[in-house]
Amino acid sequence: MSDESVAVSEDRSSRFVRLFLIYRLYILAAASLFVFALVTFGIYRLTAEVRYEDVLSALSATSWSAIALAVVFTGLSFLALVAYDANALDYIGRRPPFPTVAVTAFIAYAVGNTVGFGPLSGGAIRFRAYSRLGLTPGDIARVIAFVTLAFGLGLLSVSALATLAVAPRVADILGVEAVWLRSIALLILAVLAGLFYMGRNGRVIRLKSFELHLPDSRTTSRQFLVSAFDIAAAASVLYVLLPDTHVGWPTFLAIYAVAIGFGVLSHVPAGLGVFEAVIMAGLANAISIDQLLGSLVLYRLIYYVLPLLLATVLLLVIELRQLALRPGVAEAAQLAGKLAPALISTLSLILGTMLIFSSVVPTPDSDLDFLAGYLPLPIVEGAHFLSSLLGLLLVVAARGLGQRLDGAWWVALAGASIAFAFAFLKAIAVFEAGLLALFIVALLANMRAFDRHSSLLRQTPGPSWLATIAVIIVTATLILLFVYRDTEYTHELWWQFEFSAEAPRGLRALLGLAIAFSALALFSLLRPAHFRTQQPAPEELARAVEITMGQDVADANLVRMGDKRLLFSASGKSYIMYGIHGRSWISLADPVGVEEEFPELVWQFVGAARAGGGRAAFYQISPALLSACADVGLRAFKLGELAIIDLEQFEMKGSRFANLRQSYNRGLRDGLTLTVVPPEEVGAILPALRAISDAWLDHHDAKEKTFSLGAFEDDYVLSQPVAVVRLAGDIVAFATLMVTDTKAEATVDLMRFAPDAPKGTMDFLFGSILEYLRHEGYRQFNLGMAPLSGMARREAAPVWDRVGGLLFEHGERFYNFKGLRAFKSKFHPRWEPRYLAVSNATGAALALMDVTFLIGGGVKGVISK
């Protein structure tokens with residue numbers, strides 16, 4: 001094969017990989033929906049002999065004592081779930097107040113168990129909550145990794161132990177040989193025992209330069225007990241709801257653990273359908289399907305919906321200040337208020353689903369008889385049909401509520417209020433009306449939390465939300481087919497309008513939902529893929545420069561380049577500068593201006609990126625912005641560390657700066673002098689500076705960079721002071737200074753020297769600049785970032801940090817990471833972490849690729865240096 005053919009093949013492969021990464025969420029969503037459709041078909045076949053009336057009878061036959069016991073076991077399971085977070089925090093050496101941990105964990109599991117994707121996942125909620133408690137993104141990632149791994153290993157161990165204990169019974173139910181079940185269980189236990197043994201006393205497993213810090217025996221044992229208790233309590237919730245059966249609890253525990261595992265692997269929200277299919281397949285020979293279905297419905301309501309309702313009630317109590325004044329609880333109360341949008345968003349999703357499902361099931365005959373005596377048929381029909389569409393409206397509004405949109409708040413409030421009235425017009429649905437009333441009260445009590453002014457219509461649903469809505473509608477279709485299994489389909493059904501015509505009413509509601517969802521999906525998928533904002537006008541650039549000069553961060557002077565787009569706050573006192581490449585909208589550093597406006601600017605930027613068909617990323621941000629980024633569902637990935645010199649403590653005398661002092665003194669002996677030229681006088685020396693810059697670029701075989709670096713452009717160089725080094729009256733080196741009027745910080749951008757400049761000229765330039773800035777009263781000097789510096793390689797460190805750490809140690813062929821860190825360490829700086837905030841790890845990789853193109857001036861610029 002020729003080199004040209006190989007190059008073409010590699011180009012196609014790279015293009016395929018990039019396309020997969022770009023459309024990965026759509027592919028995964030479609031795959032999950034396909035799996036769910038197969039499971040739905042399987043459930044329909046399994047229930048071929050079951051009728052809706054049988055399920056209702058099974059539900060009514062469940063005793064109140066069994067329901068009460070299920071509630072108790074639910075409480076015990078969530079208590080164990082709180083212990084997951086407490087153990088994880090203890091493992092990483094962080095111990096926030098327990099009430100705060102308990103509130104965070106309870107809400108994270110109540111929301112995550114029910115929805116579990118995007119900003120409504122348990123991990124996203126933990127990022128929002130724990131970042132406000134001072135935990136770093138690395139710490140939070142380790143907490144999430146700990147609880148995820150603990151649950152997975154606990155599920156494996158419990159299912160293996162239970163299967164080993166009752167293998168013959170499980171084998172009879174599943175129709176397989178007991179010896180195979182025992183062999184698999186023993187293999188799993190052997191692997192887990194090996195990990196436990198290797199992790200004794202917190203041993204470290206090393207594979208070349210890769211290190212894995214295993215938890216010590218005490219931590220592992222304690223977490224195993226917590227995981228086992230959690231899974232046992234959760235299984236008991238369903239077990240006590242089952243009718244009397246000869247299936248023992250250990251046997252049921254093994255089947256339950258397998259069902260939970262398949263539900264998690266399916267990526268379907270809450271494992272809906274997948275969990276039920278495994279349970280029915282495992283217990284169909286021991287329990288009648290109608291009774292099993294009734295128990296599963298109650299299990300979903302008690303274990304999933306009830307905690308969410310309790311969390312909402314807790315939130316309302318906090319808003320009424322009944323807990324906020326008690327010592328030790330005030331912080332937890334404030335934190336719960338911050339998590340209110342996620343909680344209310346999830347409740348909106350659940351209530352919308354409830355309205356959709358209720359539109360395809362029959363109304364009790366007694367309710368219809370009562371309504372027939374007071375209301376005309378068209379009102380009942382209209383209320384029933386519109387309630388289903390209102391359910392879809394609440395599901396769609398849930399996404400906007402999670403983003404704190406005021407438009408979503410108004411839509412949800414109006415939709416829930418109308419649905420509340422319709423609950424009495426379509427049926428005497430008191431329970432449904434009660435839940436809607438709770439939702440309305442929660443919306444009103446937390447009105448201040450939804451303070452983002454944005455149109456809901458601009459917030460088009462992404463693939464995860466579209467897949468979730470599709471799952472809800474497919475489930476509604478399954479319920480309709482199941483309920484009216486014995487009704488013969490004819491075209492006349494669509495036109496039957498009678499109080500007793502339940503099947504036609506459900507068909508029409510489902511058709512309306514399908515049409516509305518199709519329109520929504522087409523609107524989302526066929527909207528303009530991308531649009532780009534314009535470069536700033538001269539007056540906008542002037543306003544940004546004015547804001548820059550009145551704040552403390554010197555790097556904000558990069559706005560003078562004019563190569564970045566600008567997004568101003570509503571007041572016009574703050575802005576974000578950003579670039580666009582591909583689908584990445586990349587904000588450079590923290591917003592600039594009034595700090596109180598930064599969170600809203602973050603929301604504003606993310607909303608603009610999503611509306612433009614892009615993904616938002618925040619590049620080189622400080623820890624202070626992480627909380628605002630977590631609020632919009634972004635995750636933080638460490639990029640490196642920024643070196644800061646305290647100029648008030650800087651002094652070249654003494655041993656700390658001996659090398660710098662020697663270079664400085666040698667430069668003085670060689671006749672070098674430093675002059676800082678103010679902006680208004682730079683024009684006179686501009687030709688000389690350009691000559692040095694061009695010679696420097698030629699000598700280093702380099703091209704000008706942009707975005708996060710300055711380039712030698714006349715307007716840019718003329719707008720700032722320039723420090724020049726002269727030898728015998730001729731300029732041999734220079735550096736552009738970035739300063740602000742507050743004198744809080746200074747830094748340099750362009751530092752270039754002539755090829756024939758004396759050795760040590762740049763050290764002399766650097767030392768002289770530090771002395772000059774200290775004398776002028778500047779408080780600190782920004783040395784710039786050391787990429788990949790300070791990446792964690794500790795136990796449970798995120799994969800991103802581990803890969804970054806390996807590159808830092810062994811990536812000399814790509815970039816001198818260690819050398820740059822060592823050079824800056826000579827100045828004994830204070831190191832501050834800097835992060836990239838994006839939606840996920842794939843987005844981080846794509847954003848870094850696009851940042852490289854922005855800095856290099858596109859693909860051609862990167863290839864040609």
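A few remarks follow.
- Qualifying positions in segment 344-380 - farther than 30 Å from Leu310 by Cα and open to solvent by 20 Å² or more (accessible area, probe 1.4 Å): Asp365, Ser366, Asp369, Phe370, Ala372, Gly373, Tyr374, Leu375, Pro376, Leu377, Pro378, Ile379
- Within segment 436-450, considering residues that are open to solvent by 20 Å² or more (accessible area, probe 1.4 Å) and in contact (Cβ under 8 Å) with a residue 60 or more places away in the chain, the one nearest to Gly400 (Cα to Cα): Ala449
- Just one residue in the set Ala254, Ala235, Ala277 is without any contact (Cβ under 8 Å) to a residue 40 or more places away in the chain and either assigned to a helix (DSSP H, G or I) or within 27 Å of the chain's Cα centre (by Cα) (or both); that residue is Ala235.
- Of the helices (runs of 4 or more DSSP H) that lie entirely inside segment 598-690, those containing 2 or more residues that are open to solvent by 50 Å² or more (accessible area, probe 1.4 Å) and either touching a Lys or Arg at 6+ places or on another chain (Cβ under 9 Å) or more than 25 Å from Pro833 (Cα to Cα) (or both) span 598-611, 658-669.
- Of all residues in segment 578-588, those that are out of contact with any Asp or Glu (no Cβ under 6 Å at 6 or more places or on another chain) and closer than 15 Å to Leu836 by Cα total 6.
- Condition check for Leu697: within 30 Å of Ser131 (Cα to Cα) and either of a type outside the set (Gly, Ala, Ser) or modelled with pLDDT under 90 (or both): no
- Tabulated pairs, segment 592-619, first on the phi > 0 side of the Ramachandran plot, second open to solvent by 10 Å² or more (accessible area, probe 1.4 Å) and β-branched (Val, Ile, Thr), C-beta under 6 angstrom, 6+ apart or interchain: Gly593/Ile547
- Highlighted here are the helices (runs of 4 or more DSSP H) found entirely within segment 405-498 that include at least 2 residues which are within 28 Å of Phe605 (Cβ to Cβ): 406-426, 463-483.
- Boolean, Leu314 is touching a helix residue (DSSP H, G or I) at 6+ places or on another chain (Cβ under 8 Å) and either of a type in the set (D, E, K, R) or within 30 Å of Asn446 (Cα to Cα) (or both): yes
- Segment 743-788, subset closer than 21 Å to Pro829 by Cα and polar (S, T, N, Q), residue surrounded by the fewest Cβ atoms within 10 Å (Cβ to Cβ): Asn782
- Of the set (1) closer than 22 Å to Val72 by Cβ; (2) open to solvent by 10 Å² or more (accessible area, probe 1.4 Å); (3) hydroxyl-bearing (Ser, Thr, Tyr); (4) in contact with a helix residue (DSSP H, G or I) (Cβ under 7 Å, 6 or more places away or on another chain), all apply to Tyr256 but (2).
- Within segment 755-769, considering residues that are more than 47 Å from the chain's Cα centre (by Cα) and not small (Gly, Ala, Ser), the one farthest from Phe823 (Cα to Cα): Asp756
- Taken as a whole, the structure leaves Gly811 outside the set of residues that are at pLDDT 90 or above and of a type in the set (Gly, Ala, Ser).
- For segment 569-586, a tally of residues being among the polar types (S, T, N, Q) and out of contact with any helix residue (DSSP H, G or I) (no Cβ under 7 Å at 6 or more places or on another chain) returns 0.
- Against the numbered list (1) small (Gly, Ala, Ser); (2) more than 30 Å from Asp850 (Cβ to Cβ); (3) at pLDDT below 90, Ser708 comes up short only at (2).
The values are calculated or read from the model by the stated rules, or taken from the named source; none is laboratory data. Note that the structure is predicted; figures quoted are calculated from it, not measured. Backbone-built Cβ (ideal geometry, glycine too); neighbour counts: all protein chains shown. Quick note on the areas: whole protein, heavy atoms, side chains included, nothing else; ligands and nucleic acids left out. Shrake-Rupley method; radii C 1.70, N 1.55, O 1.52, S 1.80 Å.
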